[in-house]
1. From 204, 251, 225, grab the single residue that is over 30 Å from residue 284 (Cβ atoms), under 17 Å from the mean Cα position of the chain (by Cα) and outside the structural domain of residue 371 (by TED's automatic domain parsing).
2. Considering each residue of the range 388-401, count those that are surrounded by fewer than 19 Cβ atoms within 10 Å (Cβ to Cβ) and either over 20 Å from residue 372 (Cα atoms) or not basic (Lys, Arg) (or both), and give that number.
3. Looking at the range 151-164, can you tell me whether even one residue there is in the same structural domain as residue 80 (by TED's automatic domain parsing), at pLDDT below 95 and more than 23 Å from residue 62 (Cα to Cα)?
4. Only one residue in 218, 291 is within 27 Å of residue 357 (Cα to Cα), small (Gly, Ala, Ser), in contact (Cβ under 8 Å) with a residue 40 or more places away in the chain and outside any loop (DSSP other than H, G, I, E, B). Which one?
5. Return the pairs, sorted by first residue and then second, in which the second residue is crowded, with 20+ Cβ neighbours inside 10 Å and among the aromatic types (Phe, Trp, Tyr), the first residue lies in the range 139-164 and is more than 25 Å from residue 120 (Cα to Cα) and free of Cβ contacts under 8 Å to residues at least 60 places away in the same chain, the beta carbons are less than 7 Å apart, and the residues are 6+ apart or on different chains.
6. Could you please let me know if residue 297 is crowded, with 22+ Cβ neighbours inside 10 Å, more than 18 Å from the chain's Cα centre (by Cα) and small (Gly, Ala, Ser)?
7. Please specify each residue of the range 229-261 satisfying the condition of being touching a Phe, Trp or Tyr at 6+ places or on another chain (Cβ under 8 Å) and of a type outside the set (Lys, Arg).
8. Suppose the filter is under 30 Å from residue 409 (Cα atoms), in the same structural domain as residue 206 (by TED's automatic domain parsing) and among the aliphatic types (A, V, I, L, M); does residue 274 pass it?
Amino acid sequence: MLQFRWLAAASLALSLSGGAAAQAVKLRVSDNRRYLHDASAKPFFYLGDTAWQLFHRLNREEADLYLRNRAAKGFTVIQAVLLAELGGLEEPNAYGHMALAGKDPDRPNEDYFRHADWIVRRANELGLVMGLLPTWGSYWKEGAARIFDEGKAYRFGLFLGKRYRNASLIWILGGDQNVETPAERAVIDAMARGLREGDGGAHLITFHPRGPGQSSLALQDAPWLDFHMNQTSHGARDHDTGLFIEHDLRLQPLRPTLDGEPRYETIPVGFYMANYSRLDRFDDFDVRQAAYWAVLAGACGHTYGHNSVWQMWQPGRKPVLWASIPWREALDHPGAFQMGHLRRLFEARTFAKLVPEQTLVLNAPQAGGAKVRAARAGDGSFAIIYSPYGESFTVQKSRLPARRLKEIWFDPRYGVAHLAHRTDNQGFQTYAPPTRGRGQDWVLILEDDSASLPSLPGME
């Protein structure tokens, strides 16, 4: 009975009462099984940031700075790990507290989890949903670092489910590993069962796979999996993130899907390949390209990451993957601002209405880094077309039912829109973006001139 003693205590340890509990965001899968929405049925755009080491490395002042920065930029989800990857079981947190006693999931350290409680509560107060990973994957994966068996996974899930049942969060299992054996599947199923029993089904559950990978490949039959998550990863430039989304949306039963770990800003390109160069790093264009490709392919949102921020690197700390920019400075790199532009655009042109439709564009690059992706609203009121390299493309305008159209260019670097033209919708039109080349990506919006759609930045 001793191993269960902490369960009763922990269930009382965190009561997200008052403002945080009253404001809690309860997310559900939409009726059409393609998006997430809140309790009022308002579509929820999942805009995540990877802060894997948040609980383990930051004190409360630092965590507050980070969370306020991400809330101000328009992020909606913070992905962080309770049992962290880097020293998560061997090193104490910022206050000197280990996560577990003796690396035993049945012996969580209450002081450590009180600090985690504070961060979860603060994130919720700022309107952020926590994407909460119970553990990094190496701790459940078969191998030397493994600390979970089926029983410990269930009890740890139960502990967390009870503790955070009133928080605004999404459970994310996996932690950069794939399920490959029946024994590993049993451990993951047990943890999911514990979470469900602990929180009474209050929260959605997904799975963060190893990249490039997809939760759907091993877990399509998992009854607890509410939506899919991909990791398109960091292997190469111009890796089409939309292919992962298209794959998942062809499966039955249908589930929402998104990219939970695309190429990170400033991480070396293809760092796990033999011929990589640590001097060649992904930049904000790589981040934008991955995001617009995925969302226009039908994703229910997207996740951003920065090589310094995920590990909360600062001078004096051993860098991973050649991080060299202090995390506080990295918070304001251009890709993070541009993800806010992405969200504002797709909320202003309701993303939940979008249906991918590549046949909308003609004479456009269909492969490689310049690949043009297109989607349109199910009711035909607007279409959105993304040209990553600013290449020209042709549209058969009569595919849209409106009598007259607005033609709008949106700059994804600065989040500013410009009304280019009003026209009828007859015939074919070739559109040449304002600039062309790598980093000169543009979004074309075609919309019903008579529709009362919200103004876009620059067009007020």
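The values are calculated or read from the model by the stated rules, or taken from the named source; none is laboratory data. Quantities reported herein were computed from a predicted structural model and do not represent experimental measurements. Neighbour counts run over all protein chains shown; Cβ positions are idealised from the backbone, glycine included.
1. Details: 204 fails: over 30 Å from residue 284 (Cβ atoms); 251 fails: under 17 Å from the mean Cα position of the chain (by Cα).
Just one listed residue meets the conditions, 225.
2. The qualifying residues number 6.
3. Initially, the range 151-164 is screened for residues in the same structural domain as residue 80 (by TED's automatic domain parsing), giving 151-164.
With at pLDDT below 95 added as a condition, the list becomes none.
Taking every residue of the range 151-164 in turn, none turns out to be in the same structural domain as residue 80 (by TED's automatic domain parsing), at pLDDT below 95 and more than 23 Å from residue 62 (Cα to Cα).
4. Working: 218 fails: within 27 Å of residue 357 (Cα to Cα).
Criteria check complete, one pass: 291.
5. Final answer for the pair search is 145/139; 146/139; 146/140.
6. Working: crowded, with 22+ Cβ neighbours inside 10 Å: yes; more than 18 Å from the chain's Cα centre (by Cα): no; small (Gly, Ala, Ser): yes.
Here the answer is no, as residue 297 does not meet what is asked.
7. First, pick out the residues of the range 229-261 that are touching a Phe, Trp or Tyr at 6+ places or on another chain (Cβ under 8 Å): 229-230, 232, 234-235, 237, 240-242, 255-259.
229, 230, 232, 234, 235, 240, 241, 242, 256, 257, 258, 259, listed by residue number.
8. Working: under 30 Å from residue 409 (Cα atoms): no; in the same structural domain as residue 206 (by TED's automatic domain parsing): yes; among the aliphatic types (A, V, I, L, M): yes.
No, not satisfied.
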